[in-house]
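Working notes for the structure below.
The values are calculated or read from the model by the stated rules, or taken from the named source; none is laboratory data. Owing to the predicted nature of the structure, the values given are computational and were not obtained by experimental measurement. Every residue, glycine among them, receives a Cβ derived from its backbone with ideal geometry; neighbour counts consider all protein chains shown.
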Amino acid sequence: MNETRALVVISRVVIGLAGAWFATMLVVFALRITFPLELEWMEGGVVHQAMRFQRGEPLYPAPSSAFVPFLYTPVYPIVLGTLGFVFPLGLALGRVVSVLAWLAIGAGLWRAVAREMKPTSHRAAAAGLWCAGYVFGFRWIDLARPDALFIALTLWALVLLRESWGHWRRAAVAGLLMALAFWTKQTAAPFVLASAIAGLLVAPRQLWAYVAAIAVVDGGGLLLGNVASDGWLWTYIFELHQSHAFNSERFYRKMWGMFVHAAPMLTALVAVVGVAFLSPWLMRSRKLDRADDRRASARLSAHRGLLFWGIIAAAAALVSALGYSTQWAEPNAFLPGICFGALWLAVALPERGWLAVVGHGLIAAQLLFSLAIEPLYQPIQSRGFAGVGASYRWQDVARTIPSERLRTNAEAMRERLASSRAEVFALQRPWWGIVSGGEGHVGSMGLADVAPTDRQKIEQEIAAAVRTLAYDEIWFEGEPPPWIRPALRGRYSASVRLQGNDRVRPMSGYLSEAGMVAPHQADQVQFIPIRAPVLPHGTQVYVDFEDGTLQGVTTHGGFGRRPVSGFTGELPQPAGTGGEFWLSSAGPNGRLEERGVADSPPIALAAGQRLEASVAVLGDSADLAVTVVDDRGESLADLAVPVAVAVMETASWSADIPRIVRIRVRDNATAGAIALDDLHVRAP
């Protein structure tokens, strides 16, 4: 097969794969848009800010327990809030805006490559590689967040700037779009500087209009916005960013390594492009004669677009590296590098010859690779090159598209929150409080962002509200942080622990199972005010520990010698205790290595009566036991030890004849403990 025929075949393959990626993304987005709760844990905070815009409340107020904005500029929530006057304001609307921005990005890539007189396969390559970066970018594009809109505005600003030769009005519109990109996400600032340099190549006489539009909209907007917000706008979008730690390892090594790891074929393609530039092919492909070859101006004219997009791609790589190196950053920082890297490669890709065949083949291989393989960087981060073998896994649709079970869990949670009209405080999921009818509150990200003095003040406000039992439900992803535990103690107890597949987890970023980092495994824990339990008629309570004493229970060995409450060391609080107190073999200090035995007082059972005890496991369940013994200490039955950790389950035993029995719990484990509460007798 000659090179021309081979190029035709492989070009069609690239076009087909790009089309398959486009169709795949449409299906993925359609199945994710209507997910009833957050696809990414910060989505709700963005929509909360849009609600504040609708209500005429400040978008950048002084930090308080009611609201702390994310450290982004305000265009995206303003767009959502404005559309929310026409359409229902919520997570779905935010995702629709992002999907429309994604379509605009695809159209912008196609137009940008076409402007450089590249064939259809090159245009499809740019759009296809952008789609193929979806998983590598942490499944971020379709979220109710500003990222997609920021990239769309930036890309179209640069497309129009590239086409502004002889058209100052087009340059002014390009400047307006770039200014709006900055007001969508201040990450656009490096693109402003890079585009001013690159603009000298493509529209030097029109650049003044571009720069003037940015200066007026961004500079004037900053001045007016800062005055209107009493200086808080600048604090949030600049000063607090500067207080975040910088991770030099991410900047100098990890970010670049992750790009190579996720796109090995594109790394090879860069080498192919380099060979093309070093060969006489490039000049011949532009049909320049030998005399023109020696003229720098002719070279510049021939490669003006390639140089323009090369400068932008370098700026995008820097933006991604800086973004990912900032404290608490997620791999959504890679999105600018994915978008503009794909654009530059499509423009630089040879159009003919065997290098073009090889280049198209590498793009096709990358599109297939990204469709089948999900990269994980944590094994390499933890074990170096020894972790390479474990750093890839097959794509699993369940990690991208909500499973039926996850959707059912989320729908049930949303319905319960919406119907309860309870006052809900959810530290990592503040959207839940809005779903239940509240006005919204600060989230954990807001607390992490603000200055230490403001953080302490907000934490004190929240703790004061907890002490007054202001909340009907309090939710945490994982265990409560230390600053709120004293307020919870004696007032709230863990009621529910969602574990495993019962958790209502996001599908993207932190708290999800996205591939670049280790998945989040912590429980979702609900705390409710401590109230006396309502027991079925005829239930006899023998032991509940609610007076803070053992109530006749005898302990031996290292078993806890008094009931405990609240938080015991670093151990999780068991969910489902009947009140404030319970008995734990780990004692008040949460020492799993303690061993011992606890016996209940004698309990007289009539024939058919059922003895019930609430039991929970802390740590490893091996060598923990719950036994019913008779009055001589002989075992009558071994009861099941719970499988779930830190969840009270009912162990029961029914008497066949009248008996006097005890419940005996035994801890013979060095890495586990057992908790006991609420010994009841129920009538047959």
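If I filter the range 372-383 for residues that are in contact with a Phe, Trp or Tyr (Cβ under 7 Å, 6 or more places away or on another chain), more than 21 Å from Leu498 (Cα to Cα), surrounded by fewer than 18 Cβ atoms within 10 Å (Cβ to Cβ) and at pLDDT 90 or above, do I get at least one hit? Yes, the conditions are met somewhere in the range 372-383.
Residues that are among the hydrophobic types (A, V, I, L, M, F, W, C) and without any contact (Cβ under 8 Å) to a residue 24 or more places away in the chain are absent from the range 354-371. In summary, Glu43 fulfils each of the numbered conditions (1) over 23 Å from Ser121 (Cα atoms); (2) among the acidic types (Asp, Glu); (3) surrounded by fewer than 20 Cβ atoms within 10 Å (Cβ to Cβ) with the single exception of condition (3). Candidates in the range 586-633 are the residues that are polar (S, T, N, Q) and closer than 24 Å to Pro533 by Cα; of these, the one that is farthest from the chain's Cα centre (by Cα) is Gln609.
Here Gly106 does not qualify as crowded, with 17+ Cβ neighbours inside 10 Å, out of contact with any strand residue (DSSP E or B) (no Cβ under 9 Å at 6 or more places or on another chain) and under 16 Å from Leu180 (Cβ atoms). Going residue by residue through the range 392-414, is there one that turns out to be under 22 Å from the mean Cα position of the chain (by Cα) and within 30 Å of Gly490 (Cβ to Cβ)? Looking for residues that are under 22 Å from the mean Cα position of the chain (by Cα) and within 30 Å of Gly490 (Cβ to Cβ), one finds at least one in the range 392-414, hence yes.
Just to be sure before I move on: is Ala465 over 30 Å from Phe238 (Cβ atoms), surrounded by 13 or more Cβ atoms within 10 Å (Cβ to Cβ), in contact with a Leu (Cβ under 8 Å, 6 or more places away or on another chain) and hydrophobic (A, V, I, L, M, F, W, C) in the structure I sent? Spelling it out, it is not the case that Ala465 is over 30 Å from Phe238 (Cβ atoms), surrounded by 13 or more Cβ atoms within 10 Å (Cβ to Cβ), in contact with a Leu (Cβ under 8 Å, 6 or more places away or on another chain) and hydrophobic (A, V, I, L, M, F, W, C). Considering only residues that are under 13 Å from Ala144 (Cα atoms) and of a type in the set (A, V, I, L, M, F, W, C), look in the range 84-94 and name the one that is surrounded by the fewest Cβ atoms within 10 Å (Cβ to Cβ). Ranking the candidates gives Ala92 first.
Of Pro601, Pro588, all but one fail to be closer than 23 Å to Gln551 by Cβ and surrounded by fewer than 16 Cβ atoms within 10 Å (Cβ to Cβ); the exception is Pro601. For beta carbons closer than 8 Å, sequence separation of 6+ or different chains, a first residue in the range 544-559 that is of a type in the set (Ser, Thr, Tyr) and a second that is surrounded by 21 or more Cβ atoms within 10 Å (Cβ to Cβ), the qualifying pairs are Thr549/Pro563; Thr554/Ala598; Thr555/Leu583; Thr555/Ala598. Return the only residue of Glu513, Glu439, Glu459 being at pLDDT 95 or above and not assigned by TED's automatic domain parsing to the domain that holds Gly387. Glu459 is the lone residue from the list that is at pLDDT 95 or above and not assigned by TED's automatic domain parsing to the domain that holds Gly387. Being without any contact (Cβ under 8 Å) to a residue 12 or more places away in the chain, under 27 Å from Trp232 (Cβ atoms) and over 23 Å from the mean Cα position of the chain (by Cα): is that true of Thr453 here? Yes; evaluated as a whole, the condition is true for this residue.
For the range 406-450, name all the residues that are among the hydrophobic types (A, V, I, L, M, F, W, C), free of Cβ contacts under 8 Å to residues at least 60 places away in the same chain and over 13 Å from Gly44 (Cα atoms). Residues satisfying the conditions are Ala412, Leu417, Ala418, Ala422, Val424, Phe425.
Taken as a whole, the structure leaves Tyr252 outside the set of residues that are more than 26 Å from Ile105 (Cα to Cα) and crowded, with 23+ Cβ neighbours inside 10 Å. Would you call Lys118 of a type in the set (Lys, Arg), buried (at least 19 other Cβ atoms within 10 Å of the Cβ) and within 25 Å of Ala50 (Cβ to Cβ)? Considered against the rule, which asks whether it is of a type in the set (Lys, Arg), buried (at least 19 other Cβ atoms within 10 Å of the Cβ) and within 25 Å of Ala50 (Cβ to Cβ), Lys118 comes out as no. Number of residues in the range 166-202 that are assigned to a loop (DSSP other than H, G, I, E, B) and in contact with a Leu (Cβ under 6 Å, 6 or more places away or on another chain): the value is 0.
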